[in-house]
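The values are calculated or read from the model by the stated rules, or taken from the named source; none is laboratory data. These figures come from a predicted structure and were not determined experimentally. Positions of Cβ are backbone-derived with ideal geometry, glycine not excepted, and every protein chain shown enters the neighbour counts. Side chains included, ligands, DNA and RNA excluded: accessible areas come from the protein's heavy atoms. Shrake-Rupley method; radii C 1.70, N 1.55, O 1.52, S 1.80 Å.
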Amino acid sequence: MPQLKIAPHNIAVLLSGGGTNLQSIIDNIKLGNINGKIEVVISNKKDAYGLERAKLNNIDAVYVNAKNYENINEFNDKIIEELTKRNIDLVVLAGYLKILSPQFIKTFNNRIINIHPSLIPSFCGKGYYGIKVHEEAIKYGVKVSGATVHFVDENADTGPIIFQDVVFIDDNDTAESLQKKVLQIEHKILPQAVKLFCDGKIQITDRKVTVKE
Ligand code: GRF
């Protein structure tokens, strides 16, 4: 029987920084590993290098300045507009440091994924972003850390977990060296999650995610 072909998914990536995770998705699409296309990269930071990466790869790069909007809901509405006009199926938060509005989460229910640089539920939630996450892990003295890809719900870092992977922390690790180690695994599990989503293989039951064979 001929295989049923699933149409390529339209992906949007939202970011606020350098975009190495965006790059990992771009690279995997180029390798043919992901049945999807990045239609747009959106940033709330004008100078985010992730926007440059998008342009270098002929992807629409959109900067949305929160200062031009009355409040966070209106700012989010503008982003929703950019996404819906491009028929986005999957929104990837890759180092995006803005709060999503309830309307955003409702519009893309179970279609928003985030990458967080720790093993959720440790070192996550409000205030845990960037190097801060790794500083806290080192300070606490944990012996392993890692990265988590999860669906986004209405609270910070609480949505259903898709993948986690671990790194070991050595006595001489610093927040910076831990960040580097963790980024390496982020660049594996994020594209893998995007791939499975685009293949229609991710299933959520209550808050438990399973991968269909
Ligand atoms: C990553 O550590 C990611 O887990 C976190 O923000 C960082 C973004 O890094 N959410 P980059 O911009 O993809 O290099």
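Residues in segment 121-130 that are buried (at least 19 other Cβ atoms within 10 Å of the Cβ) and either away from the ligand (no atom under 11 Å from the Cβ) or at pLDDT below 95 (or both): F123 alone. The helices (runs of 4 or more DSSP H) found entirely in segment 35-118 that carry 3 or more residues being in contact with a helix residue (DSSP H, G or I) (Cβ under 6 Å, 6 or more places away or on another chain) and away from the ligand (no atom under 16 Å from the Cβ) are 72-84.
Among the candidates I25, I6, I11, the residue that is of a type outside the set (D, E), surrounded by fewer than 18 Cβ atoms within 10 Å (Cβ to Cβ) and touching a residue at least 60 places away in the same chain (Cβ under 8 Å) is uniquely I6. Inside segment 50-76, residues that are buried (at least 17 other Cβ atoms within 10 Å of the Cβ) and hydroxyl-bearing (S, T, Y) make up a count of 0. For segment 132-155, residues that are within 17 Å of N114 (Cα to Cα) and either touching a Pro at 6+ places or on another chain (Cβ under 7 Å) or not in a strand (DSSP E or B) (or both) total 8. Among the residues of segment 131-146 satisfying the criterion of being among the aliphatic types (A, V, I, L, M) and closer than 17 Å to L97 by Cβ, which is most open to solvent (accessible area, probe 1.4 Å)? The selected residue is I131.
Can you go through T148, T210 and tell me which one is modelled with pLDDT of 95 or more, within 28 Å of N10 (Cβ to Cβ), under 18 Å from the mean Cα position of the chain (by Cα) and polar (S, T, N, Q)? Lay out the reasoning, then the answer.
On the way: T210 fails: under 18 Å from the mean Cα position of the chain (by Cα).
From the options T148, T210, the qualifying one is T148.
The residues of segment 81-104 that are buried (at least 19 other Cβ atoms within 10 Å of the Cβ) and β-branched (V, I, T), listed by number, are I88, V91, V92. Conditions first: (1) surrounded by fewer than 18 Cβ atoms within 10 Å (Cβ to Cβ); (2) more than 13 Å from the ligand (Cβ to nearest atom); (3) under 18 Å from the mean Cα position of the chain (by Cα). Q192 passes all but one, so which condition is the exception? Only one criterion in (1) surrounded by fewer than 18 Cβ atoms within 10 Å (Cβ to Cβ); (2) more than 13 Å from the ligand (Cβ to nearest atom); (3) under 18 Å from the mean Cα position of the chain (by Cα) is unmet by Q192, namely (1). Of the candidates V149, V166, the single residue that is of a type in the set (V, I, T) and open to solvent by less than 40 Å² (accessible area, probe 1.4 Å) is V149. Cβ separations smaller than 6 Å between residues 6+ apart or across chains give the following pairs from segment 175-189 residues that are among the β-branched types (V, I, T) to residues that are away from the ligand (no atom under 11 Å from the Cβ) and open to solvent by 20 Å² or more (accessible area, probe 1.4 Å): I185/D165; I189/F163; I189/D165.
Every residue in segment 15-34 that is within 11 Å of the ligand (Cβ to nearest atom), of a type in the set (S, T, N, Q) and out of contact with any Gly (no Cβ under 7 Å at 6 or more places or on another chain), please.
Hits for segment 15-34 are T20, Q23, S24.
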